[in-house]
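Down below is the structure, laid out as structure tokens.
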């Protein structure tokens, strides 16, 4: 009995994924969308919001991202960092189901913004980190995205990105993994 229930559940999930007409006309060229995501970077959680527009082979995007980082200091304190970034790029469709309810993308773009050190002023005055409070950060990023349309205008998005942030006090190479929601307009 347990085996039959497992088989039935897997069959239903597979048929929902492959045969839904949720997005058959939602990823057409020129179709705009909005996406909001929560990001995890190994140290803390951030957020992003993007305006996206589909093309024949993928979609372009423009938006903002905010990330929080921390780094241990030799004094035993933690130095907090915040990145407030503007981003833009293009994502190429690698694969998708016939009805476009599940799509895989890979792409790249550029980012620029500001890094704020110790934004909540938690460090004592005698701790000197050897940097100014603000720094300009910039660089390219590579990303991978999977979107799954669960309704005609609504998708769940899983993503991973590898931004190179030059000018940052926490290092050039960082990573983000995220979960988000997309609404086609």
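Throughout, read-outs are computed from the coordinates displayed, never taken from laboratory work. Fair warning: this is a prediction, and the values are worked out from it, not measured in the lab. With ideal geometry, Cβ positions are generated from the backbone for all residues, glycine too; neighbour counts draw on all protein chains shown.
Compared with the alpha-carbon gap, the fully stretched path from residue 38 to residue 160 is longer by 42.8 nm at 0.36 nm per residue.
Take 101-107, 149-155 and order them by the average number of nearby Cβ atoms within 10 Å per residue, most first; the result is 101-107, 149-155.
Residue separation of residue 110 and residue 71 scaled by 0.36 nm, minus their Cα-Cα distance, works out to 11.6 nm of gained length. How high is the FRET efficiency between residue 126 and residue 45 when r is their beta carbon distance and R₀ equals 35 Å, given to the nearest 0.05? After rounding, the FRET efficiency stands at 0.70. Helix 2-19 axis versus longest C-alpha principal axis of the chain: approximately 90°, rounded to the nearest ten. Distance between the 7 Å Cα→Cβ label points at residue 64 and residue 134: 1.5 nm. Quick check: the distance between the Cα centres of segment 152-185 and segment 81-133, to the nearest angstrom? Distance between centres, Cα-based: 7 Å. Using the Cβ-Cβ distance between residue 98 and residue 175 with R0 set to 35 Å, the FRET efficiency from 1/(1 + (r/R0)^6) comes to roughly 0.60.
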